[in-house]
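Okay, structure first, notes after.
The values are calculated or read from the model by the stated rules, or taken from the named source; none is laboratory data. In this text, all values refer to a predicted model and were calculated from it rather than measured experimentally. FYI the Cβ positions are ideal-geometry reconstructions off the backbone, even for glycines, and counts take in every protein chain you see.
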Amino acid sequence: MLALIAQAADGFAQPEVDWHALAPDLVVLGTLVVLLVADLFLPEDRKGLLPSLAGLGLLGALIPILSLTIDGTDRTMFGGAYAVDNFALVLKALFLVAGYVVVLQSTNYVAEGDYAEGEYYFLLLSSILGMTVIASARDLISIFVALELLSIPAYLLAGWRKGSLQGNEAGAKYYLMGVFATAVLLYGMSLLYGVAGSTLLVDIGAALTARESLPVVTLAIVFCVAGFAFKVSAVPFHTWAPDTYEGAPTPITAFLSVSSKAAGFVALIELVLLAFPGRSDVVEPFMWVLAVLTMTIGNVVALRQTNVVRMLAYSGISQAGFMLAPFAVVGEIGGSVQQSIVTYLLIYAAMNLGAFTVVMAVARKTGSGEIKSFGGLFEYAPTLAVLMTVFLFALAGIPPLAGWLAKFVAFQAVVEADTTWGYVLAGFMAVNSVISLAYYANVAREMWMNPPPDGDRAPVRVPVSLSAALAITAVVTLAFGVTRWATSLGDVADFVATVPL
């Protein structure tokens with residue numbers, strides 16, 4: 001008996017934990033503790049230090065990510081349920097940088113809006129922690145726990161404007177739809193566990209590949225995909241997005257449109273590539289329908305919007321359709337799905353966060369989110385007008401801006417599958433790219449060609465925090481696009497030459 005106790009104690013003394021691999025998550029967790037303690041003891045007139053602490057914590061978490069990248073060793077823990085590889089590190093960096101930009105966007109917005117700053121930043125970083133965990137999750141349980149960790153704070157943040165009917169509506173819709181989607185997802189996961197007898201994604205993939213096609217397997221896959229389709233606001237699971245985006249605080253709208261969507265796609269990549277590798281017969285047609293509906297309905301409804309936030313909400317829905325497209329040919333292109341979607345996510349984050357930052361800067365002067373409030377922006381705020389034009393045309397996929405590269409890699413993945421349905425899907429992508437230019441150009445026309453709606457040409461005062469957010473997003477959007485445009489012209493020519501006429 002004593003020998004057994006000693007053996008067990010020895011096992012607990014040397015747990016399967018790689019602290020270096022966990023360091024990015026632990027830094028964010030430590031920042032959460034610091035924020036909580038600082039909020040308790042800082043006087044009200046010093047609460048302005050909280051966003052600085054939050055931002056420094058997020059930037060500090062990038063240091064172990066850099067060291068892990070230099071090390072180059074793939075690490076797994078907890079029986080394979082948690083992995084730190086290049087895929088996870090890139091996405092952790094995306095979530096941290098995007099979160100830092102949202103902190104910059106929030107600094108003046110929260111301070112001037114008389115919100116509880118400590119609770120706000122604590123919830124924001126809690127959600128970011130869930131995202132960094134989901135990037136490494138390779139197990140149904142860890143994926144679900146990470147999903148709830150990122151979702152529950154997001155529900156609270158979406159309804160942060162408690163004194164506004166729109167804010168209450170935003171929080172209620174997001175919460176109710178989120179709970180429903182979580183129930184569907186959890187039921188699908190339980191079916192997968194029942195079939196495979198394991199929660200590890202690789203074990204589930206092996207079990208599903210070895211088994212015959214069963215209705216319960218098809219149902220499990222559809223339920224799991226549908227649960228995460230809510231997170232990425234794919235049609236018909238998108239109904240929460242426009243009202244939530246309009247009613248939530250604008251920095252949280254930007255956060256949900258980028259980071260929450262990216263987390264959903266990360267989970268989809270992990271499930272499709274690791275748990276469903278041999279079930280493309282179920283995944284491909286479902287994803288094909290989702291992609292076509294999402295990009296088309298998102299674009300068509302965006303054309304009718306008069307509010308820029310709602311327009312960007314439907315624009316984000318359409319962009320999700322482009323990111324779903326490579327899943328529709330996953331059986332033919334395999335791991336290329338991961339490369340194309342991650343590239344799209346990185347670029348989309350910069351473009352969309354930049355556009356929302358300009359919206360916030362302009363709204364500080366106009367007090368409106370209507371597209372008409374952007375009239376004559378070039379006359380009194382030329383820098384903002386130029387930056388907004390860059391972000392909008394990047395979202396439309398106009399070269400040499402970064403959005404061109406994002407759409408090209410998605411289009412290339414679909415065409416390289418060399419299937420009839422892949423070519424049809426590529427046709428939908430091309431048509432929707434043209435449609436999207438209409439509503440992006442409509443905002444540009446207001447800024448460059450129409451006069452200010454009230455004749456007020458006083459300059460816009462942009463806080464330092466918003467200026468920093470604009471600088472980060474603009475540099476990424478331009479650098480990604482221009483450098484890759486210059487080096488990819490030959491690749492584009494070679495690719496076009498391979499497309500059958």
Name the residues in segment 124-160 that are over 20 Å from Ala21 (Cα atoms) and of a type in the set (Asp, Glu), would you?
-> Glu148
Would you check if there is a residue in segment 115-126 being surrounded by fewer than 23 Cβ atoms within 10 Å (Cβ to Cβ) and outside any helix (DSSP H, G or I)?
-> yes
Taking the condition within 21 Å of Phe356 (Cα to Cα) and β-branched (Val, Ile, Thr), does Thr250 pass?
-> yes
Quick one: in segment 366-383, of everything that is under 18 Å from Ala469 (Cα atoms) and either surrounded by fewer than 24 Cβ atoms within 10 Å (Cβ to Cβ) or at pLDDT 90 or above (or both), which residue is nearest to the chain's Cα centre (by Cα)?
-> Thr383
What is the one condition in (1) modelled with pLDDT of 90 or more; (2) buried (at least 24 other Cβ atoms within 10 Å of the Cβ); (3) closer than 16 Å to Met449 by Cβ that Phe356 does not satisfy?
-> (3)
Pick from segment 136-166, criterion outside any helix (DSSP H, G or I) and small (Gly, Ala, Ser), ranking: surrounded by the fewest Cβ atoms within 10 Å (Cβ to Cβ) = Gly163
Whichever residue in segment 200-231 is assigned to a helix (DSSP H, G or I) and without any contact (Cβ under 8 Å) to a residue 24 or more places away in the chain and, among such residues, is surrounded by the fewest Cβ atoms within 10 Å (Cβ to Cβ) = Pro215
Looking across segment 167-187 at residues that are within 19 Å of Gly369 (Cβ to Cβ) and not aromatic (Phe, Trp, Tyr), the single one that is surrounded by the fewest Cβ atoms within 10 Å (Cβ to Cβ) is Asn168
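Look through Gly369, Gly427, Gly403 and report the one residue that is touching a residue at least 60 places away in the same chain (Cβ under 8 Å), among the small types (Gly, Ala, Ser) and under 19 Å from Met323 (Cβ atoms).
Being touching a residue at least 60 places away in the same chain (Cβ under 8 Å), among the small types (Gly, Ala, Ser) and under 19 Å from Met323 (Cβ atoms) holds for just one of Gly369, Gly427, Gly403, which is Gly403.
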